[in-house]
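Data block below; observations after.
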Amino acid sequence: MLGEVGSTKPGHVYDAQMRPAAIWIALTVQGVPCGELRLTALVGSNELIIAVPLSIGTAVYLTELAPQWLRQPIVSLIEMLAAIPSVVYGLWAIFVLGPWLRDHVEVLLSETLGFLPLFQGPKIAVGMLSAVAVLSKMGIPFISSGCAHAFCVVPRPPREAAFSLGATRGGVGGRGVLRSGRMGGVVAGILGPG
């Protein structure tokens, strides 16, 4: 898959100083060879698996459950998190989050779930776990803001219908608002990680 060092064929390694093992480690996920496109899709899908449920929960809480005195500070905090440049998130991931995940979280995961192939192998600070964590952290403000805006424009009849059927405030958020605003949530989930 990688070819010989110093090969001039397209798609092969050109630099004779670079060792094939270093390239192989960079393009593998726990020993399984991955190309850049597959690795990007894997990181992006894991990011969405984490960020979308958290964002939808945050949006439902903000639109339906949060008291008015708490709603505005949380919305302001989410908007401030969305304004942080991605370069700052990247540097934070490299110098703070990555080493912390390597020293604490990856050790715990390998001790408890080490029998699974996903949690075996070397523990590195700039790996898939830190990439998924920081990308999820970057996407949550955008997705939750988009979902909250989509849930705010849901008309009153679905909310009133859920209340008339005996739903609680949480049930109104789960059944009335989520069903009516699901397409806005889908759009926010697509555009948020952008």
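The values are calculated or read from the model by the stated rules, or taken from the named source; none is laboratory data. As the structure is a prediction and not an experimental result, all values here were calculated from the model. Positions of Cβ are generated from backbone atoms using ideal geometry, with glycine treated the same way; all protein chains shown enter the neighbour counts. Note: areas computed on protein heavy atoms with side chains; ligands, DNA, RNA excluded. Shrake-Rupley method; radii C 1.70, N 1.55, O 1.52, S 1.80 Å.
If packing is taken as the average count of other Cβ atoms within 10 Å, what order do 131-141, 166-176 fall into, highest mean first?
Highest to lowest by the protection proxy: 131-141, 166-176.
Treating the Cα atoms of segment 49-90 as identical point scatterers in vacuum, please give the log10 of the normalised Debye intensity I(q)/I(0) at q = 0.16, 0.28, 0.31, 0.34 Å⁻¹, two decimals.
Reported log10 I(q)/I(0), two decimals: -0.50, -0.99, -1.04, -1.08.
In Å², what does the accessible area per residue of segment 107-189 work out to with a 1.4 Å probe?
Averaged over the residues of segment 107-189, the accessible area is 57 Å².
Please report the orientation-averaged projected area of segment 107-178, defined via the convex hull of its C-alpha atoms, in nm².
Projected area, direction-averaged: 7.6 nm².
Using a 1.4 Å probe over the heavy atoms of the protein chains, calculate the carbon and sulfur portion of the accessible area of segment 63-175 as a whole percent.
72
Viscosity 1.567 mPa s, temperature 4 °C: give me the Stokes-Einstein translational D for segment 38-116 in µm²/s, with Rh taken as the Kirkwood radius over C-alpha pairs.
Value of D from the Cα-based Kirkwood radius: 83 µm²/s.
How compact and how long is segment 68-109, expressed as Rg and Dmax of its alpha-carbon atoms in Å?
Spelled out, the Cα radius of gyration and Dmax of segment 68-109 are 14.9, 42 Å.
In whole angstrom, and with the biggest value first, how far do the Cα coordinates of segment 50-194 range along each principal axis?
Here the Cα extents, ordered largest to smallest, are 56, 35, 28 Å.
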